[in-house]
Amino acid sequence: MTTDDALPALLDKDAIREAVLRYCRGVDRLEPDMIRSAYHPDGYDEHGELHGGRDEFIEALVPLLRDNYVSTSHNIANQLIELNGDRALSESYFVAVHVTESEGQRWQEIVFGRYVDNFERRDGDWRIAHRVCVIDSRNTQAIRPSRLATDEKRIPRGRHYPDDTVYTQHAVLSAESRSRP
């Protein structure tokens with residue numbers, strides 16, 4: 001790869017990484033439009049029993065998460081992106097933490113897996129055309145109460161859209177940028 005090719009390749013890979021991260025934020029904050037922004041309109045997702053076209057997948061996913069989980073946190077680790085013109089294969093290792101509650105007991109499921117994504121660039125925009133979620137391992141354990149986890153005055157708790165801190169901070173930054181000359 002020449003230096004002339006390096007910058008466009010880096011920009012393409014960054015756009016792909018951003019799409020994967022938008023998906024994660026959208027899922028954790030239960031923000032359908034953020035999840036949608038990671039996929040092309042005809043994109044398809046295979047998450048085991050939960051699978052379908054972009055909108056069908058999101059319409060099933062968001063209520064499932066809202067009804068069954070206290071919180072989720074999806075974290076991207078290693079990511080390998082192989083570019084091939086206007087197509088790319090991305091393998092993103094993830095750690096997802098899902099918290100549920102049953103009969104007054106909270107449970108934490110830790111999932112290790114990979115998003116194997118076929119990306120396409122259409123009209124200059126990289127998005128997922130097809131995703132397969134691969135689970136490598138998972139573990140569920142009871143959660144013992146933590147002083148820090150319950151003291152919201154010291155550390156804010158994660159919330160869903162639009163009540164999470166990320167959205168209130170975004171509003172502050174947007175207002176500040178509008179007030180600058």
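Please treat every number below as a calculation from the coordinates, not as lab data. Keep in mind the model is a prediction, meaning the values are calculated, not measured. Every residue, glycine as well, gets a Cβ built from its backbone with ideal geometry; the counts of neighbours run over all protein chains shown.
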Label-point separation, Glu91 to Thr2 (7 Å along Cα→Cβ), nm: 3.1 nm
Residue-span extension gain [Asn75 to Gln169] - 0.36 nm each, minus C-alpha spacing: 31.8 nm
Sorted largest first, extent of region 3-144 alpha carbons per principal axis (Å): 59, 28, 22
Phi to ³J(HN,Hα) by Karplus 6.51 cos²θ - 1.76 cosθ + 1.60 over region 133-144, Hz, x for Gly, Pro: 8, 10, 9, 8, 6, 8, 8, 10, 8, 6, 9, 8
Distance (nanometres) between label positions extended 7 Å along Cα→Cβ at Asp123 and Leu21: 2.4 nm
Neighbour-count ranking [beta-carbon atoms within 10 angstrom, fewest first] of Glu49, Glu101: Glu49, Glu101
